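The values are calculated or read from the model by the stated rules, or taken from the named source; none is laboratory data. Just so it is clear, the structure is predicted and the values come from calculations on it, not from any experiment. Here Cβ is always computed from backbone atoms with ideal geometry, including for glycine, and neighbour counts include all displayed protein chains.
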Amino acid sequence: MGDSFLMKKSLFDVLADIYSKYPDWPFVGIFRGTAPVLLIRDPDLIKDIMVKSFDHFHDNDLEADKTVDPLLGRNPFFLKGGEWKTVRSQLTSGFTSAKMKWLYQYLEETSEQMIKFIQNEPNAMNGNGYESKELCSRFTLNNVSSCAFGIEGRCFEDDNSEFWQISRQIFTSGIFQTLIFMVQAIFPFISKFVTAKFLNKAVENRLTTLVSKTLKYREEHGIIRNDFLHILNQLKKTCKEYEFTDVDVTAHATGFYIDGFETSATAMSFLLYELAANPQVQTRLREEVCTSLKDNNNKLCYELLQKLPYLDAVLNESLRMYPPLFALGRKCTKAYTCVPNNGEPFVIEKDVSILVPLSGLHYDSKYFIEPQRFDPDRFMGADKENVLKYMYLPFGEGPRACLGQRFARLQMKIGIAYIVKNFKLSVHEKTRVPIQYDPLSIVTTPKGGLWINFESVA
Ligand code: HEM
C-alpha cells in the first residue's frame, strides 16, 4: 500500500489493484505500514466475517476517544463492544420507514430550493458547467441541517451560512484528516498513546450551541417538529440503559451530519455525472419519473418514490461503480478459524485488521459483466437476482451495516427525481475523463471535479 501512503495513488485504486492481482485467493495478507491486514476477497468469507461470525469481528477498525472527541467518540462507527450495541439499538428507531415519511416533507422543500438554485445559477445554465459535488453538497447539507438540527441550512442562498461554514471547517481539513488516518494506520500502537482529535474545538462548540439553542427554543415555545432532533431529544426521557444527555443529542445530530452529508453528496454527484454521460439512461429515467407523476396528479410523494424501479437501478449501479466508502473495515476481536472453500483451515488472530475492498469486488468481471460500463439494467427485473449480497456492499452488511441507508437513499432519490424532471444534463468538457481518484481523500473523490451543464426540460 506504499503508493497510497506516498499519496501517489488513491487508496481506491491501490485496493482494487491488490484485489485483482490475486484472482484465485480467498484473502490476501498485506501490510498497512507496520500493521498486518487481511484483505478479504471471497464473498463466502465476507459473509462469515460480517454476519455469521460477527461476534469474532464485532468492531470497526477506527479509533475515536470519547474523552478527547466527545461528539465523534459517541458515533456508532467508532464505538466498540457492548457500548456500540446499546447506542446502535437506541438510534435505530430514528431510521424506520415511518420516520423517513416524517422527514420526506423537509427533503421536498430542499429539492425545490435546489431546482431554483440551478435555474438562477448562470454557470449551470449557460454552458460553463457547475460542479456536481458542490451542488449535491449544498443539497445534502440543507437536508442534514433541516432533518437533524431542525434549522434552515440556507446553503443555496448564502455561501457564508452557518452550515456551509461548518462544513468547510470540518471537511476542508481533508489533508490533515488523511494524514492522521494514515499515521494511525501505519503505527496503530500510536493511537494507544496519542489520541487524534478529528473534530476541532471550534466546530464542536458551534454544533453544541446550535443544538442547545434549538432545543431551548422548542421547549420555550412548545414546538414539536417531527425530525431526527426531536427523536434524539425524546431519548433523554426514554433511554433506560444510560443517561442520555444534551451531549448525546448533539453527538448523534453531528453523526448524522458527518456520516450522511459527504457520503450522500459524493454518491449523488457521481450519479448526476453518469446520467449526463449516458443520455439514453437519462431519458429513460426522466420518462419513468414523469409518467408516474402524471398518474399521481403531478405530485411526487414518499410512496411513489419507492415504486420507481429504474430510479432504484440507476442509484444502485452508480453506488457499484463509485462506492463513497470504498472499503469496509473490521477488527478481529476473538481469534477465528476460517475454512476457505479451496484451502486449509486458517486462524485469524485477535487484533488483526480486516479490509473488504469494494473497489475490487464491484469491478470483478466474474460478478459484473463489463464492469467499467454504467449499466443500470444489472439491477432490473430478473437480472437483479444475479447481483449477490456479498459481492455488492455499498452500505456494508450485517449488524454494523450503514444505519442511515434508508435516509441516504431517500434523499438521493428525491434530489435526482427533481433534477431529471426539470433539466437535461450533459457533461462539461472541464470534467477529466477517464475519472481519476484523488489520493488525498478518504472518500471516493474525482480529481478536478465533475462538471455538468443543465438545460431546462421544455
Ligand atoms: C450514500 C450514502 C452513504 C453510504 C454509501 C454509506 C456507507 C456506509 C458504509 C459502507 C458503512 C460501513 C458499514 C459496514 O462496515 O458494514 C456505513 C456505516 C454507517 N453509516 Fe453510512 N453511508 C451513507 C450515508 C449515511 C447516512 C445518511 C447516515 C446517517 C444519517 C449514515 C450513518 C452511518 C452510521 C451511523 C454508520 C456506522 C454503523 C455502525 O457501525 O453501527 N450513513 N455507512
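Are there any pairs, at least 6 apart or on different chains, whose C-beta atoms fall under 8 Å, with the first in segment 58-79 and farther than 12 Å from residue 198 by Cα and assigned to a loop (DSSP other than H, G, I, E, B) and the second aromatic (Phe, Trp, Tyr) and within 12 Å of the ligand (Cβ to nearest atom), and if so, which?
Listed by first residue and then by second, the contacts come to 58/84; 60/77; 60/78; 76/84.
Given (1) within 26 Å of residue 259 (Cβ to Cβ); (2) buried (at least 20 other Cβ atoms within 10 Å of the Cβ); (3) charged (D, E, K, R); (4) away from the ligand (no atom under 16 Å from the Cβ), where does residue 351 come up short, assuming only one miss?
(2)
In segment 261-306, how many are of a type outside the set (A, V, I, L, M, F, W, C) and outside any helix (DSSP H, G or I)?
Going through segment 261-306, the residues of a type outside the set (A, V, I, L, M, F, W, C) turn out to be 262-264, 266, 269, 273-274, 278-280, 282-284, 286-288, 291-292, 294-299, 302-303, 306.
Narrowing further to those that are outside any helix (DSSP H, G or I): 278, 295-299.
The total comes to 6.
Restricting the search to segment 373-386, which residues are in contact (Cβ under 8 Å) with a residue 40 or more places away in the chain and either part of a loop (DSSP other than H, G, I, E, B) or within 16 Å of the ligand (Cβ to nearest atom) (or both)?
Scanning segment 373-386 gives 374, 375, 379, 380.
For the condition at pLDDT below 95, of a type in the set (A, V, I, L, M), at negative phi and assigned to a loop (DSSP other than H, G, I, E, B), what is the one hit in 170, 180, 151, 166? Spell out the reasoning first.
Values: 170 fails: assigned to a loop (DSSP other than H, G, I, E, B); 180 fails: assigned to a loop (DSSP other than H, G, I, E, B); 166 fails: assigned to a loop (DSSP other than H, G, I, E, B).
Residue meeting the stated conditions: 151.
Restricting to segment 404-429, name every residue that is assigned to a helix (DSSP H, G or I), more than 8 Å from the ligand (Cβ to nearest atom) and not hydroxyl-bearing (Ser, Thr, Tyr). Working first, answer last.
Within segment 404-429, the first condition is being assigned to a helix (DSSP H, G or I), and the residues that meet it are 405-422.
If we keep only those that are more than 8 Å from the ligand (Cβ to nearest atom) too, we end up with 406, 410, 413-422.
Across segment 404-429, the qualifying residues are 406, 410, 413, 414, 415, 416, 417, 419, 420, 421, 422.
Of all residues in segment 294-327 being among the acidic types (Asp, Glu) and surrounded by 13 or more Cβ atoms within 10 Å (Cβ to Cβ), which is farthest from residue 363 (Cα to Cα)? First the steps, then the outcome.
Here is the first cut: in segment 294-327, the residues among the acidic types (Asp, Glu) are 295, 303, 312, 317.
Next cut, surrounded by 13 or more Cβ atoms within 10 Å (Cβ to Cβ) only: 312, 317.
Numbers: 312: 20, 317: 11 Å.
Of everything passing the filter in segment 294-327, 312 is farthest from residue 363 (Cα to Cα).
Per-residue answers, yes or no, for (1) over 27 Å from residue 406 (Cα atoms); (2) surrounded by 17 or more Cβ atoms within 10 Å (Cβ to Cβ):
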position	(1), (2)
15	yes, yes
25	yes, no
84	no, yes
92	no, no
100	no, yes
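What are the pairs, 6+ residues apart or on separate chains, where a residue within segment 199-213 that is over 15 Å from residue 249 (Cβ atoms) has its Cβ under 7 Å from a residue that is of a type in the set (Asp, Glu) and surrounded by 12 or more Cβ atoms within 10 Å (Cβ to Cβ)?
Listed by first residue and then by second, the contacts come to 199/69.
Given the options 403, 393, name the one that is surrounded by 13 or more Cβ atoms within 10 Å (Cβ to Cβ) and either β-branched (Val, Ile, Thr) or within 16 Å of residue 42 (Cα to Cα) (or both). Break it down into steps so the answer makes sense when it comes.
Values: 403 fails: either β-branched (Val, Ile, Thr) or within 16 Å of residue 42 (Cα to Cα) (or both).
Going through 403, 393 in turn, just one is surrounded by 13 or more Cβ atoms within 10 Å (Cβ to Cβ) and either β-branched (Val, Ile, Thr) or within 16 Å of residue 42 (Cα to Cα) (or both): 393.
For residue 341, state whether it is without any contact (Cβ under 8 Å) to a residue 12 or more places away in the chain, over 29 Å from residue 93 (Cα atoms), of a type outside the set (Phe, Trp, Tyr) and away from the ligand (no atom under 16 Å from the Cβ). Reasoning before the result, please.
Values: without any contact (Cβ under 8 Å) to a residue 12 or more places away in the chain: no; over 29 Å from residue 93 (Cα atoms): yes; of a type outside the set (Phe, Trp, Tyr): yes; away from the ligand (no atom under 16 Å from the Cβ): yes.
When the stated conditions are applied, residue 341 does not pass them.
Looking at segment 292-339 only, could you name the residues that are over 14 Å from residue 413 (Cβ atoms) and of a type in the set (Gly, Ala, Ser)?
So in segment 292-339, the residues over 14 Å from residue 413 (Cβ atoms) come out as 294-299, 320-339.
Passing the criteria: 327, 329, 335.
Do you know which of the residues in segment 252-305 that are of a type in the set (Lys, Arg) and over 16 Å from residue 377 (Cα atoms) is nearest to the ligand (Cβ to nearest atom)?
Let us first name the residues in segment 252-305 that are of a type in the set (Lys, Arg), namely 284, 286, 294, 299.
Okay, now just the ones that are also over 16 Å from residue 377 (Cα atoms), so 294, 299.
On the way: 294: 29, 299: 25 Å.
Here the answer is 299.
Checking residue 358 against (1) touching a helix residue (DSSP H, G or I) at 6+ places or on another chain (Cβ under 6 Å); (2) crowded, with 22+ Cβ neighbours inside 10 Å, which test does it fail?
With (1) touching a helix residue (DSSP H, G or I) at 6+ places or on another chain (Cβ under 6 Å); (2) crowded, with 22+ Cβ neighbours inside 10 Å applied to residue 358, the lone miss is (1).
I'm trying to understand the selection: among the residues of segment 210-246, which are within 19 Å of residue 143 (Cα to Cα) and β-branched (Val, Ile, Thr)?
211, 214, 224, 231
Among the residues of segment 387-399 satisfying the criterion of being away from the ligand (no atom under 11 Å from the Cβ) and not in a helix (DSSP H, G or I), which is modelled with the lowest pLDDT?
Per the criteria, the residue is 387.
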